[in-house]
Structures are given as C-alpha cells and as structure tokens.
Amino acid sequence: MSRFFSLTRLFALLRKEVIQLRRDRITFAMMLGVPLMQLLLFGFAINSDPKQLPAALVAPVQDRFSRAIVTALELTDYYRFTSPGVSAAEAERLLARGAVSFVVTLPSDFGRRVLRGDHPVMLIEADATDPAVASGAVSTLGTVAAEALQRELGTEAQAGAARDTQLQVLVHRRYNPEGITAYNIVPGLLGVILQLTMVMMTAMALTREIERGTMENLLSMPATPLEIMLGKMLPYLGVSAVQVLVVLVAARALFHVPFVGSLGLASGRHPDLRDGASGPGLSHFDRGADADAGDAADLLLFPALHHAVGLHVPLSRHARLGAGLGRDLSAHAFPALHPGGHAEGRGLRGRGAAPRRACTLRDHADAGRAAEVPADAGLSEGRCIAPVGNRAGSLRAFSPLCRHHG
Amino acid sequence: MTEEPAIAVTGLVKIFGNRRVVDGVSLRVERGEIAGFLGPNGSGKTTTIRMMCGLLTPDAGEGRVLGFDIRRQGRRIKREVGYMTQRFSFYEDLTIEENLSFVAGLYGLTPARRIVRDTLEDLGLSGRRHQLAGSLSGGWKQRLALAACIMHRPRLLMLDEPTAGVDPLARRMFWDEIHARSAEGLTVLVSTHYMDEAERCHRINYIANGRLIAAGRVADVVAGAGLTTVVLEGPNTAEAARRLKGRPGVEQVASFGTTLHVVGRDAAALRQSAEAVARETGTTMHPAETMLEDVFIQLMAASEDSLR
Ligand SMILES: Nc1ncnc2c1ncn2[C@@H]1O[C@H](COP(=O)(O)OP(=O)(O)OP(=O)(O)O)[C@@H](O)[C@H]1O
Ligand SMILES: [Mg+2]
C-alpha cells in the first residue's frame, strides 16, 4: 500500500460510488432517458429531405396547365397544396406566418403563353428560413414542371411535334436567400439548450430538497405541493431568460444571425420568450402560430429567419412520427420567432431580401389588369410595393405578386 | 370544545412493506401539558408524530389533533402545529434570518419583518442573524429550529428528539423555554431518549415495537412497573455483579461508578439474593428508589420477550 496511491483505497472509493450511482434515480434518468430521448428525436424526427411540404397556389386563371403543374408537383411528393387558389396577398400572409413553405404563382397569362410557346414563366417562392426545406423541393422543380407542361401539350397536339415549352421557373428563396444554415440552426438550438438545462436544473432542485431532508419540514408547514412545484420552477424561468439572452447575443456575435429590432429590449420583456422555457411539468401547449400575428406590435425582435423556425429544426422537417414530440420542442416552444404580421417591406430589411422596387399604377396597367385593382388600393401613396423578379423584364409576368393585384 | 384534548388518537397503524411499524397506538395529550414520547430506536415515535401532524396517512385508526381530524384536516393541523423534525431541516445555505423570513412567509405572518425580529430577540439569535445555518453548531441549529416552529404561535408543538447532541446548559435553557410556553397554554409533545428529560414531562408515553406499552405520570409509570431496587456499594462491585447474574429475583444489574443497581420484580427474592452476594463480596446493601431508566430497561426487555 503506497502512501500516495493504493488500489485498495481506490477500490473502496469506486465501490461506494457505484453503489450510489445504482441508487440515484437522476443518474438512471441521465443514463437511459436522455440518450433515448435524443436518439428518438434526432433519429426519427429530423429529416433533412422533408416531403409533403405545405404549399399555396396563386393562379388567377385555373386551367389545365395549372392543374397539370399542381399535379406534377404533388407527385414529386415534396409539395402538398394546402391552399390552392388563394390570392397573392393571402399567399404572402400564409408564407409569412409559416403556414405554407412554398407559394407557386402562375400568372394570369400563363396558359396563353404556354399555348403560344411564348416564354411562359412561373414563380416559386420558397421559405428558405431552413435552407434544407427549399433545396430538395426546388432542385427537381424545373424539369418536373416543364415535363408536365410538355405532356399536357403533347396530348393536346395528338402526337404533333412536341414544342419546347421554354418554361422559365423563377425561384425566390425568401428570408434567407443565401441559404445560411446557421440562421436556422442557431435559434433552433435555443430550444434544445433550454429544454435540457431547464429540465435538469429543476429536477435537481427538487431532488436536492429531498436529499437535504428539508422536504419533510417544508411539507409540515402550510405549503401545498402546487406551490412547492411552482416555487421551484418559476425562478428557472428567470434563469432561462438569461440563457436566451446569452444564446441570442452569441447568435448575433458569432454567427451574425440577423435581428430586427432591439435585442436588449426584446429579451427582457417579450412574454413568448419566457414561455419557451417553462421547464418540466408544463408541456408547451400548442399556442398556434396564428395567435402571434396579433402581437405583431409587441414583436420587437425576430431573427430574420422569421417564420416557423423557432427551433432547432423547423416543424416541416419533423417526420410525421415525431410531429407531436417535435412540435413540442420546436416551433411552438418558441413562438416569438414567428414573424407575426410582417407586411411586405418589413422583416428582411437589408439582409439579402428579395429585391424590391416600387411598382406604380402604371405597372398595374401594363400588366393588363388595372381594372382589377381595387379603387383605393395603394392610391393614397400612389404606389404599392412588390418584390420583383431577378430580372427587370419579368416584372409584368409577376404583377400578381403585387398584393394589390391579388 | 375547550375541554377537548390537544391530541386524541386511537388505534393508529402504519405499515411499511410488511412491517407494522406503528401498531395500534392510542395517545391522549391534554391542553397545556408537556407529554413525553419515549421508546427505543426504531420503535415508531417519528412515524407516529408524522401521522399526527398530517405528513403521513395512517393505514388504520383515527383521531383528532387540536380538534381537527388527522385524516381530512391535515392542512388545518399544519397551520396550528409547530413540528420540529428529528433531523435539522432548515436551509443550510440561508442565514438564520433568511430561514425565519421564509417560514414567516409560508405561514403568511404579518408584519413578517417585525415577527422575525421579535423571534430572533426572544431566542437570543439576534447576534447571529446573518450567519449561515449550515455553519451553526448543533445547539444553535436546534435553537433556530425551535424559533422557526414557534414563530407562528402554534397551539401544539411536536418536537422529535429536539435535544439530541445538545450540551447540558443548552438543554436546560431549552426546557426552561418549553416550560415557560407550556405555562402560557402551549401543548408540547416531545420525543426523547434522555431520562432526565422524561422526568421533566407532565406525562410520558412509552412505545416499543410500535405499541404503546406504558403511559401516565412519571411516578405512576414507575410505580406501575412494580419494581424493587437495591444498591450494592463497596470496593468489589464487579465481582458482585458477576455473582448476581442469574440469581433468583435479579433481573437487571447495572454499574454506576462504585455502586451497583440491582432491579427485579420479586422484592423478597431480590432482597435475599442481594444480601447473600453482599455478604460474599464484602459490599454493603441498602434499598433504593427505582428510577425511570430501570423501568424502561425492564419494559424494553419485556417487549423483546414478547416478540420471540
Ligand atoms: N419511509 C419508511 N419506509 C420504510 N420503513 C420506515 C420508513 N420510515 C421509518 N421506517 C421504519 O419504521 C420503524 C420506525 O421508525 P421511526 O423513525 O418511527 O422510529 P423512531 O422511534 O423515531 O426511532 P428513533 O428513536 O431512532 O428516531 C423503523 O424500523 C424504520 O426503519
Ligand atoms: Mg425518530
């Protein structure tokens, strides 16, 4: 037996430690529960090639070509047209709210141009908040749509020479045009961090009370179990608020995740921020993204990733199986990141947003649809704002994008 | 209602696993009385106290504490009772004052600040109000615990071995405090292993193996045991002790310094045996008063016999 190191002593220590480990429920939870939960979560729930993404269709004129395209897109399994035939304004709202991941726009003269072989153009706006959502769905798009049109024309022409439809597909990656993953992942991790630390800290706080024997005393005084639980949990809301702040500051400083509004102001007071960390026992009941539209005024802060991001992984990326669990951990745990009411022009200010320019009433007229403009639409300002395509020339084709044309 | 006793429970039973840890205990404590609760380790004292203050639900039996039903009115009981746990159970990382403020908050005492200050003053804790409870010595911890459980002016105190590990002076002060409060009408149930403390109680209740086997005033309990005690004194008590063992009538032999206490139920046989041994070993024998401890040893041995 050495004076400095003895195996006997070490074994005595090890044995004691093992016995304690065996009897400690928290260790058990960490040993079995945490890895299993994480495995299930990351294994089943996360999907980097999400399918069946909700999409909206903006097609003022519904004809067989639009139907062909919708069918073809749905057959790719990437798109699920949850809102077919909505107005452009409505589609914009859906996209902003995160209700749809794509808006497919077929201009009113689409069919005519297809028939004439006159450079038909369609627009796909993808919510690129999560770059993965956009990539898979968008990559196959061009060929699929073109083939669909060709088939449609082919049957029409009865084996006549298949004309090249010359379909041009414009893709707008909204909100995160550069496809920066960090914009999505970093705020998402916030949810994970809060989940893990909050659950553990609160659980530990409770066990400590029992281990130190103070629980008996506590229970012998007129404190109810509910009060004791709340008393344990609420302080950790404050702790989680600090964590949120740390993560947000780090997100800004290290990953340059863009923010709109004042970080300092928002972190302290937005109720939804604190909601995100409600600790164990209170599951995050689905607050519904819609509710947030109402607090638009309250939203001083929302990372430009806007949308359903919220969390480590956006909702759409959870497979069905994980949806319940995923929801809990993701978008709805952190509704503050939902943009709420961002009208066009708000939100991505400056940060690589789709180019915009003012479109004037003349544009509306050019588009040949002036008659449809509501009498008061945009007239007070004499203009309305609409994003335009990457090419100036395509403006006309996209007049439906101007919300006053919807 | 003023006539109702502070504690009146009957037939309390608590079963842990398949052991009847408390087995049909009935207790009665009058208002303003200091009742001792005695019994060997593991006899079920703490468990009984927990049932009476609403922390544990009895598996059988019922009763009233301060007029409240122990099964259904646990909340009311907690409000009116001060329970001092056997193990120190205040927050070691809080100061004395913070601990008391916390307790004042739980009981909703107002004005909390003044009540805490008065309590600190009362129990001589003012000087240490800012000391962390964890760094207090045993005696001070006990005083803090007492302060915390009388601060809300309970009508009944349940103290579970409040003086374990406390020095004689502190114990004396503690009991003076208890007697002063009792004179003001406070009822106290106190468990202890110290005989001198048992003798300070108005009445004692002795429990062994979960059963109440003796209850009453100290003198009555001693008398009720029907024991006779003689003392042998002299230079050769060790030899006398050895010879006494197994003699007729001798049930307990205990050395106290140079004296030997010999106890037994059969007075005549005991005296005869003791006289014989005294003669053989050259010690002197004289009769003595039976002490409470002798009674307890007797009761303990008897309850162990009944187990076999
Ligand atoms: N929670 C429990 N689960 C199982 N057994 C228990 C539990 N609490 C107490 N016991 C058992 O019940 C018996 C009585 O315990 P209790 O603490 O009431 O004794 P006590 O009279 O207070 O003893 P002491 O004088 O040593 O404090 C003991 O044998 C103990 O092991
Ligand atoms: Mg005990």
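Things to note:
- A simple spin-label model places pseudo-atoms 7 Å from Cα toward Cβ; at A:L170 and B:D118 they are separated by 8.1 nm.
- Surface per residue (accessible, 1.4 Å probe) for the range B:7-222, Å²: 43 Å²
- Accessible area (Å², per residue) of the range A:43-123, counting only protein heavy atoms and a probe of 1.4 Å: 39 Å²
- In this structure the amide hydrogen of B:Q131, modeled in the peptide plane, comes within under 5 Å of the amide hydrogens of B:I96, B:E97, none closer than 5 places in sequence on its chain.
- Sequence-separation-based contact order of the range B:228-289, relative, with Cα cut under 8 Å and 6+ spacing, percent: 47 percent
- Accessible-area composition of the range A:1-113, carbon plus sulfur, in percent [1.4 Å probe]: 62 percent
- Rough spin-label spacing in nm, given labels placed 7 Å along Cα→Cβ, for B:E275 and A:E74: 11.7 nm
- Scanning residues 5 or more positions from A:Y79 or on other chains, those with amide H under 5 Å from its amide H are A:Q52, A:L53, with H placed 1.01 Å from N in the peptide plane.
- Here the 3J(HN,Hα) profile of the range A:232-243, calculated from phi with Karplus coefficients 6.51, -1.76 and 1.60 at θ = phi - 60°, is 6, 7, 4, x, 6, 5, x, 4, 5, 4, 5, 4 Hz, Gly and Pro shown as x.
- Residues in the range A:205-237 that, when all protein chains are in place, have 50 Å² or more less accessible area than the chain alone would give (probe 1.4 Å): A:R212, A:T214, A:E216, A:N217, A:S220, A:M221, A:P222
- As a calculated quantity, the FRET efficiency between A:Q62 and A:T143 at R0 = 22 Å, using C-beta atoms, amounts to about 0.40.
- Note that the range B:73-88 has calculated 3J(HN,Hα) couplings of 10, x, 5, 5, 4, 4, 5, 9, 10, x, 10, 9, 6, 5, 9, 4 Hz, one per residue in order, obtained from phi through the Karplus relation 6.51 cos²θ - 1.76 cosθ + 1.60 (θ = phi - 60°); glycine and proline are x.
- Comparing B:R28, B:R247, B:R20 in a Gaussian network model of chain B where C-alpha atoms under 10 Å apart are linked, the largest mean-square fluctuation is found at B:R247.
- Options B:T163, B:L106, B:A198, ranked by Cα towards positive dipole end of chain B, top entry (Cβ charges): B:L106
- Annotation for B:D93 and B:V13: the two label points, set 7 Å from Cα along the Cα-Cβ direction, are 4.4 nm apart.
- With every protein chain in place, the range B:228-289: carbon and sulfur % of accessible area (1.4 Å): 50 percent
- For chain B, the Cβ-based charge dipole about the Cα centre amounts to some 900 debye (Lys, Arg positive; Asp, Glu negative; other atoms uncharged).
- Solvent-accessible area buried by pairing A with B, both sides, nearest 100 square angstrom, 1.4 angstrom probe: 1500 Å²
- Potential lengthening of the chain between A:A12 and A:T197 amounts to 63.3 nm, from the contour at 0.36 nm per residue minus the alpha-carbon distance.
- Burial of 40 Å² or greater, the range B:95-115 residues [accessible area, probe 1.4 Å, versus chain by itself]: B:L106, B:Y107
- Note: relative contact order over chain B, using C-alpha pairs below 8 Å and six or more positions apart, is 19 percent.
- Rounded to 0.05, the FRET efficiency of the B:F256 and B:L132 pair, given R0 = 45 Å and the Cβ-Cβ distance, is 0.60.
- The fraction of accessible area contributed by carbon and sulfur in the range B:84-209 is 49 percent, rounded to a whole number (1.4 Å probe; ligands and nucleic acids excluded).
- When the other protein chains are added to the chain by itself, burial of at least 40 square angstrom of heavy-atom accessible area (probe 1.4 Å, ligands and nucleic acids ignored) affects these residues of the range B:48-77: B:L55.
- Fluctuation leader among B:D69, B:D160, B:D122 - chain B, Gaussian network, Cα springs under 10 angstrom: B:D122
- Helical runs (DSSP H, four residues minimum) scored at -39500 (n - 2.57) apiece and divided by the length of chain B put the mean residue ellipticity at 222 nm at -11500 deg cm²/dmol.
- Net charge dipole, the range A:1-149: roughly 1200 debye, given to the nearest 20, about the Cα centre with Cβ charges of +1 for Lys and Arg and -1 for Asp and Glu.
- Under 12 Å from the B:E177 label point (7 Å along Cα→beta-carbon), backbone N, the range B:118-156: B:119-126, B:139-151
- Near-label residues of the range B:281-302 by backbone N, under 18 Å of a point 7 Å along Cα→Cβ of B:K245: B:281, B:298, B:301
- Under 5 Å between amide hydrogens, built in the peptide plane, is the criterion, and for B:T229 it picks out B:A288, B:T290 among residues at least 5 positions away or on other chains.
- Extent along principal axes [Cα atoms of chain B; Å; largest to smallest]: 72, 44, 37
- Karplus 3J(HN,Hα) series, Hz, for the range B:232-240 with 6.51 cos²θ - 1.76 cosθ + 1.60 (x for Gly, Pro): 9, 10, x, x, 10, 5, 5, 5, 4
- For the range B:236-301, the residue among B:G257, B:F296, B:T284 whose Cα projects farthest onto the positive side of the dipole built from Cβ charges is B:T284.
The values are calculated or read from the model by the stated rules, or taken from the named source; none is laboratory data. Every value quoted in this text rests on a predicted model; they were computed, and no experiment measured them. Cβ coordinates were reconstructed from backbone atoms using ideal geometry, including for glycine residues, and neighbour counts include every protein chain displayed. Surface areas here come from the heavy atoms of the whole protein model, side chains and all, with no ligands, DNA or RNA. Shrake-Rupley method; radii C 1.70, N 1.55, O 1.52, S 1.80 Å.
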